[in-house]
Amino acid sequence: MASKPEEILETAKWLLSDAEQSEAFTRVIINRSYYSMYHKVLGTLDNEPVKYGDVGVHGTLIEYLKSPDAKRDESIEFRELRKLSYMLEQEKFNRVKADYHMDKEIDWEQAKQTLAAAERCFNRCDEMLKAS
């Protein structure tokens, strides 16, 4: 059975509420929160993002959301797409730090902030879908 972004977000919420406040769990919460956002935004679009140069799928989505291609090809208002790109970009930065920079400390507060950002992103996507 395929997973849904909402299930990934629920996993992050569960970890935040039930897990011990360790740095390992903090990193996992940030990771799951970001990935839930990524997949929620991707599922909100009318079209698959255009590939941009040497950036990966995450960078491609972020760049697409603020590109003329998205403005032309998506039914969601371009200003709203740009807002999503900024949200994703910030949380991608946090996710990369959590996943790859083990020498840098990350505190529990950051996990809570990233999860809150994911919830705001979900709400915004749902509102956009209703409006389009």
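Condition first: among the small types (G, A, S) and not in a helix (DSSP H, G or I). Now tell me which residues in the stretch 1-13 satisfy that.
A2, S3
For the stretch 14-113, list the helices (runs of 4 or more DSSP H) that sit wholly inside it and hold at least 2 residues that are modelled with pLDDT of 95 or more, in contact with a strand residue (DSSP E or B) (Cβ under 9 Å, 6 or more places away or on another chain) and surrounded by 12 or more Cβ atoms within 10 Å (Cβ to Cβ); which are they?
On the way: elements: 23-44, 57-65, 68-73, 78-100.
In the stretch 14-113, there are no helices (runs of 4 or more DSSP H) which contain 2 or more residues that are modelled with pLDDT of 95 or more, in contact with a strand residue (DSSP E or B) (Cβ under 9 Å, 6 or more places away or on another chain) and surrounded by 12 or more Cβ atoms within 10 Å (Cβ to Cβ).
For every residue, the table says whether it meets (1) hydrophobic (A, V, I, L, M, F, W, C); (2) touching a residue at least 40 places away in the same chain (Cβ under 8 Å).
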position: E48; (1), (2): no, no
position: G53; (1), (2): no, no
position: G56; (1), (2): no, no
position: E74; (1), (2): no, no
position: L81; (1), (2): yes, no
position: L84; (1), (2): yes, yes
position: M87; (1), (2): yes, yes
position: E91; (1), (2): no, yes
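The values are calculated or read from the model by the stated rules, or taken from the named source; none is laboratory data. Predicted, not measured: the structure shown is a model, and the values here were computed from it. Every residue, glycine among them, receives a Cβ derived from its backbone with ideal geometry; neighbour counts consider all protein chains shown.
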